[in-house]
Each structure stands twice: as structure tokens, then as C-alpha cells.
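Enquirer: Have a look at this one.
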Amino acid sequence: MSDCIFCKIAEGSIPSTKVFENENVLGFVDLHPQAKIHLLFIHKNHTVDINDMAANPVHIGEVFQGIAEYTKSAGLDKTGFRVVTNLGREAGQSVFHTHFHVVGGEHLGHFGR
Ligand code: DGP
């Protein structure tokens, strides 16, 4: 989508610190990290949120394969990490290109309010 910031990151017209990329999936460092490691994984095909992405479940699988490949190669699977996705206003979604936060690198408190 032409005015989507994460599409522009995927195209390379907005710079990002990439940690993982294949034909379909991109992983990059979050601009406002909430933990020592805070990455975002996206599918290059534009959807607005996970319910939209669920129309093509293969895309969800491709993102999670990317997350698995990256976290294993980085050793994050040994210490643990969290995957979070926000949908809509009450969850605090601020970018409307489906993305999965991968958070770790330190002990994480209990998730909730
Ligand atoms: P959410 O609140 O779930 O929609 O998360 C959006 C995240 O995107 C937020 O943690 C900050 C991050 N973000 C916003 N704009 C940019 C950007 O231009 N570059 C990068 N790397 N991250 C961004």
C-alpha cells in the first residue's frame, strides 16, 4: 500500500535495521524498543491486522517460520522471548500493517494491563 510505513520499510524506501529477510517476510528493529531486544516481523503482503491476515493463513505461517528461523539462529529460543500482536484501538495498534512484536533479551514481567 503506497502510504503504509511498513510497506515502505519492506520496499527499502524508509530505512530500518533489518535482522531477517526472505522473499515474503521481514524482521527489523522497533524504533521505540520496550525491551533489550524488540523486533517487528511483518509479511511483505499488506494486511491491516491479524484478522485481515487470517484470510491467507499461509502468510501467518510464513511470518512464524521467519520468527522461528531468526530466533533459533540468534539463540533467543534458549533464553525465551515473547510474540505480541495488537489489533485495534484498545490494544494500542498504531501501525496498520500487520506486525508481530518479538520481545526478549531480558526477564519479562507478567503480560497484562
Ligand atoms: P503497534 O503499537 O503494535 O502498532 O506497534 C507499532 C510499532 O512500530 C511501535 O512499537 C513503534 C514501531 N514503529 C513505528 N514507526 C516505525 C518506523 O518507522 N520504523 C521502525 N523500525 N519502527 C516503527
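Enquirer: Scan the range 5-12 and give yes if some residue there is out of contact with any Lys or Arg (no Cβ under 8 Å at 6 or more places or on another chain), open to solvent by 90 Å² or more (accessible area, probe 1.4 Å) and not in a helix (DSSP H, G or I), otherwise no.
Expert: no
Enquirer: Sticking with this one: If you go through the range 69-104 one residue at a time, how many are away from the ligand (no atom under 15 Å from the Cβ) and either open to solvent by 50 Å² or more (accessible area, probe 1.4 Å) or within 20 Å of Leu26 (Cβ to Cβ) (or both)?
Expert: Here the count works out to 11.
Enquirer: Can I ask one more? Which condition number does Val29 fail, the rest of (1) under 11 Å from the mean Cα position of the chain (by Cα); (2) buried (at least 17 other Cβ atoms within 10 Å of the Cβ); (3) under 19 Å from Ile5 (Cα atoms) being met?
Expert: Val29 satisfies all of (1) under 11 Å from the mean Cα position of the chain (by Cα); (2) buried (at least 17 other Cβ atoms within 10 Å of the Cβ); (3) under 19 Å from Ile5 (Cα atoms) except (2).
Enquirer: Now for a different question. State yes or no: is Asp77 acidic (Asp, Glu) and over 17 Å from Ala10 (Cβ atoms)?
Expert: yes
Enquirer: Considering only residues that are without any contact (Cβ under 8 Å) to a residue 40 or more places away in the chain and either out of contact with any strand residue (DSSP E or B) (no Cβ under 9 Å at 6 or more places or on another chain) or open to solvent by less than 10 Å² (accessible area, probe 1.4 Å) (or both), look in the range 14-25 and name the one that is farthest from the ligand (Cβ to nearest atom).
Expert: Glu23
The values are calculated or read from the model by the stated rules, or taken from the named source; none is laboratory data. What you are looking at is a predicted structure, and each value in this text was computed from that prediction instead of being measured. Neighbour counts are summed over all protein chains in view; Cβ atoms, including those assigned to glycine, are modelled from backbone coordinates with ideal geometry. Quick note on the areas: whole protein, heavy atoms, side chains included, nothing else; ligands and nucleic acids left out. Shrake-Rupley method; radii C 1.70, N 1.55, O 1.52, S 1.80 Å.
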